[in-house]
Each structure stands twice: as C-alpha cells, then as structure tokens.
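Here the structure comes first, spelled out in structure tokens, and everything after it is commentary.
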Amino acid sequence: MQKKGCSEEELFSFLSSVKKNDRAYRKVLSSMCTIPHPVAVRAHNMFIETNLGDPGLFMGTASLEALLVERLGSLLHYKDAGGYSTSGGTESNIQALRIARETGGKKFPNVVVPESAHFSFEKACEILSLELRTVPSDSEFRMDENKIEDYIDKNTVCIVGVAGTTEYGVVDPISYLSDIAGDRGIFLHVDAAFGGLVLPFIKNSPDFDFKLPGVSCISVDPHKMGMSTIPAGCLLVRDPSVFRSTEVDTPYLTVHKECTLCGTRPGGSVAAAFAVLEYLGEEGMKEVVDRCMKNTHKLILGMGELGYPVAVRPTVNVASFLCDKTPKGWQVSRTRAGHMRTVCMPHITEDVIDEFLKDAKEM
Ligand SMILES: *Cc1c(COP(=O)(O)O)cnc(C)c1O
C-alpha cells in the first residue's frame, strides 16, 4: 500500500487505463456472462451495501432473496421450493453435493455425473472427499442412458444431470434419471446453471425441473441468461428441510444458524436478479431467449455453409463446431474435445453474427 493516498482523479485515471485491457463483450462468443440489464445495475446499486450473511440486519433484502427463490421455484414448477442465492453454479453444485453426502449416510459415498459435467464437480468432489464417477456421453454428447446403471451402486449418494451443458448446449436424459433416482431413493441434482433460465422459455424443450418427481435439487444462475450482475446463482431444493444437514451455529449474527457456504453474501446482485425477472416477466424473458436462439440457428446455418458443421444440434444457445480456426479479432473457446465453442448471449446481436460469419469466411 502507498503511505499516502492519491487523488480521486489520479485513481480513476489509473482504473480507466486498466479497464482498457478488458475485452468489451461485443466480440466475445466464449462467455456465458453478458452485459447486465439496466434494471439489474440500478437495483444492484440500490442494495450495494447489504449483506445477506446477516439477514436480521437486512430484512428487506432477505425478503427479496425469498422472492427470488419463489419466482425461480415457480418457473421451475415448484413454487414451494426452498433455496438461497449463491455466488454461482460452482457454489450451488458444491452445496448440492454436500447436502447429498450429509443426507445420504454412506461411509464411502460416490457421485455419478455425466462426462459433460462442468469442472465444478471435480472441485466439489475433491473438497467433500466424494468419489467422482463419470458416465460416458452418447453420440449426441448426452449422458449415455444405456451406461448410467453401470455406475450406480449402494454407495451412490447423488446422480447429476445437466440441463444445458456448458460445452454443447444439450440436455441430459433427466426424465430417465428422475425414474432411476426415484426408484432407488437417490438424491438427483440437476445442474441448470445455464439452461435454467433458457429452457423454460423454449417451446417443447425436454422436462428437466421439479415437474419430474425424482428431481431433488437444481442450480440456476441469474448471472448468465438472467442478465443479472455478478455474482448471482441460486440453489433450489424440493425439500427445504435438507438445508438442516449443512447448518452450523452462528452465535454472533442476527440469526443463529446458517446453511450457506459463504458467510457474507451480496444482496446487490440478488436485488439485480430479482429486478430483471420482475421487469421482463415471462414474456420479456421469452423474447430475449427467442432472439438468442434465432441467432444461434443463424450461426449454425452460416458456419455450415462455410463448411464447419455443428458438432450436435443444441437445445440451448450454445453451439460448438467442427472447426479448428478462429476468426481474427474474435473470442471463441474450445471444448475438451477441441471443437470451436460459441455462446449466443444477449450481447451477440444479429449484426454481430453477420460480422462474425464474414470474418469466419476469411480465416
Ligand atoms: C456456468 C456453469 C457452471 C459454473 O457456474 P459459475 O457461476 O461459473 O460458478 C456450472 N454448471 C454449468 C452447467 C454451467 O454452465
């Protein structure tokens, strides 16, 4: 630290110079985050000093968190779902496995995930000392239905399905998983970090949420397609009493027990997440998702015409291509198998796709 502080002007001129090294979102097709919606920014600023880790001090903000959970629960077909806001998909997935481990009661617990699962499950299993079992994908990059049973045994405390995979935008056979989990009484966690705010707005999308009786728990991230500020994730559970399994005593707070992973938790991004859903409503969200899907299909068509077919037709707005080049000036990413991976987030408008395709023709 400097001994003496600097002037505000000096400080902000330094900050602006640093910010110039950040990528503007415009030519970024690799990210699942996007520019927050203006109402999210306004709501975030309004609640910027709040701490949900001490909800007795911020009862208003805490009631917004409850409303967010209620809105997301209703959207995902269970209005009485329990839940709380997390820092994102990673924390939600860690907590889901923690609950599964604590309620599962096995000495040598294992967790069965699809090969396509997000890397957060690797972290979660390491932290929680759980054995991670990976089920291979089928030809469409979904968890292979015919192989799932081979990986489950009496020590399986959790089955994970992904609704909207990070790499290929497909949905695992969740309804099949729901049947297996239901029959065997195993906790089923659906990682809908991305798809949770996309699939409900797509006509005829596969069932993935609490509508399926075997689904115990869902992660959904408002800081992705919910256009909230960062960090905004949400963990939803069918049976709110499972949170007792992760509770600890918190003697010096306004509440005496805490089931969350983080202590201090931002209220600003929770207000932001709630604000977007409330402001846009189902119709507004559907318009955003429609546009993103239209652009995804336009990109798939255009890349196909250039000789780069899509690896699999996605259900959500994530498209990966058989293409090992990258158009100049653009940010795309690579799947573990090496496919070019793109996400058509709300900041990727139709003209951005046109421009991308024009540059892809010349790469
Ligand atoms: C983004 C994502 C995550 C991780 O979420 P973070 O908010 O980055 O922690 C987990 N699972 C899926 C399916 C995701 O798309």
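The values are calculated or read from the model by the stated rules, or taken from the named source; none is laboratory data. Fair warning: this is a prediction, and the values are worked out from it, not measured in the lab. Every residue, glycine as well, gets a Cβ built from its backbone with ideal geometry; the counts of neighbours run over all protein chains shown. Each accessible area value is taken on the protein alone, full model and side chains, heavy atoms only, with ligands, DNA and RNA left out. Shrake-Rupley method; radii C 1.70, N 1.55, O 1.52, S 1.80 Å.
Thr254 meets the conditions (1) within 16 Å of the ligand (Cβ to nearest atom); (2) modelled with pLDDT under 95 in every case but one. The failed one is (1). Checked against the criterion of being within 15 Å of the ligand (Cβ to nearest atom), over 19 Å from Ala181 (Cα atoms) and open to solvent by 10 Å² or more (accessible area, probe 1.4 Å), region 129-136 has no qualifying residue. Annotation: Glu122 fulfils all but one of (1) open to solvent by 60 Å² or more (accessible area, probe 1.4 Å); (2) within 15 Å of the ligand (Cβ to nearest atom); (3) in a loop (DSSP other than H, G, I, E, B); (4) among the acidic types (Asp, Glu); the unmet one is (3). When the residues of region 91-112 are filtered to those that are under 16 Å from the mean Cα position of the chain (by Cα) and closer than 27 Å to Arg334 by Cα, the one that is farthest from the ligand (Cβ to nearest atom) is Ile94. For Val160, the conditions (1) part of a loop (DSSP other than H, G, I, E, B); (2) crowded, with 22+ Cβ neighbours inside 10 Å are fulfilled apart from (1). Counted as qualifying within region 4-77 are the helices (runs of 4 or more DSSP H) with 3 or more residues that are of a type outside the set (S, T, N, Q) and without any contact (Cβ under 8 Å) to a residue 60 or more places away in the chain, namely 8-19, 59-75. Here Ser74 meets the list (1) more than 16 Å from the ligand (Cβ to nearest atom); (2) of a type in the set (Gly, Ala, Ser); (3) in contact with a Pro (Cβ under 9 Å, 6 or more places away or on another chain) almost entirely, failing just condition (3). Answer yes or no as to whether Thr34 is within 16 Å of the ligand (Cβ to nearest atom) and modelled with pLDDT of 95 or more. Yes; evaluated as a whole, the condition is true for this residue. When Tyr25 is tested against (1) farther than 28 Å from Ala163 by Cα; (2) not assigned by TED's automatic domain parsing to the domain that holds Tyr252; (3) not polar (S, T, N, Q), just one condition goes unmet, and that condition is (1).
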